[in-house]
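So the structure is just underneath, and the comments pick up after that.
Since every read-out is calculated from the coordinates, none of them should be taken as a lab result. What you see is a predicted model; the values in this text were computed from it and never measured. All Cβ positions, glycine included, derive from the backbone under ideal geometry; neighbour counts span all protein chains shown.
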């Protein structure tokens, strides 16, 4: 009888174990990104797969039009992918977020890879430089996606222009301006390199061509005044870069992974570790992760504090204290005094 009790007890324990194991791996976190089909959304999907597979945290992607900072602060999402200057503006209460004041909760997790962006024209266009957009039709307003208007304004500034020098054609978002470009309603289209919309435009119009930006100090300074933390990057021709036929200087800025101070240290530590250790898996899912350099994940971002969980991993990996990337961003923009002081205190 005793042995039967032992057996019964063992069986009951073995029946419970799978549920205990499932509960141990049941943590679910969400990552907010831009709408499906965008560069950011595709990158986020790759990151979610790696975190789910390697960190034993189920990460879901939540696609939406807004940047997701408010949701992260409110605790309805754990992470968001954004461009570096938008993160800076939100954290410091500047730019489009000036009316909100500084954020007390937004935290930096990692610099993922550069967004390489460009103004595109038809392959047969007689426009060859940003400065030659003067008087031309350029998408404007972007009431549903203010960030796009700012990036276009930075391109214009690089060429010594502003929106006052072009004919603005209102568009609510980046997708509508792509449709307007294909329909011949505007003379140029903005998009991140590698985005499917660029390939679609190239197929519809018989090819597209990027407009090279000016990498001289004065032109870069004008650009940085609109996009803090932005830099120029030289892009070579490849199947992934439609419109680039020779080594070309384009504008770039970092893709940031952000979180809230209220998200646990262990969760962020595991997320960062999974991304750092699994570039191949990221690359297999989304080829632009060829630009991902794990050694640069701890790169300082303007005005944003690092999350303790990220700091914990970067210390273990020998990436702390954080350092600016001289080859990836202007030094004066990469290490602002306030951010450097914050990093030293961690």
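For the stretch 117-252, the direction-averaged projected area of the alpha-carbon convex hull comes to 7.2 nm².
Using a ≥ b ≥ c from the Cα gyration tensor of the stretch 222-326 (square roots of the eigenvalues), is it rounded, prolate or oblate, where a/c under 1.5 gives rounded and otherwise the larger of a/b and b/c decides, a/b for prolate? Because a/c hits 1.5 or more and a/b fails to exceed b/c, the stretch 222-326 counts as oblate. The stretch 32-102 and the stretch 181-231 have their alpha-carbon centroids 23 Å apart. FRET efficiency for the pair residue 167 and residue 284, taken as 1/(1 + (r/R0)^6) with r the Cβ-Cβ distance and R0 = 41 Å, rounds to 0.40. In this rough spin-label picture, where each label sits 7 Å from Cα along the Cβ direction, the residue 134-residue 277 distance is 5.7 nm. Axis of helix 265-277 versus longest Cα principal axis of the chain: the two differ by about 60°, to the nearest ten degrees. Label separation (residue 179 vs residue 65): 1.3 nm, computed from points 7 Å beyond Cα along the C-beta direction. Relative to the longest principal axis of the Cα atoms of the chain, helix 146-158 runs at roughly 50 degrees. How far, in degrees from 0 to 90, does helix 196-205 lean away from the longest principal axis of the Cα atoms of the chain, to the nearest 10? Its long axis makes an angle of about 30 degrees.
Extending 7 Å from Cα along the Cβ direction at residue 295 and again at residue 262 yields two label points whose distance is 3.9 nm. The spread of Cα positions in the chain, taken along each principal axis and listed from longest to shortest, comes to 93, 46, 36 Å.
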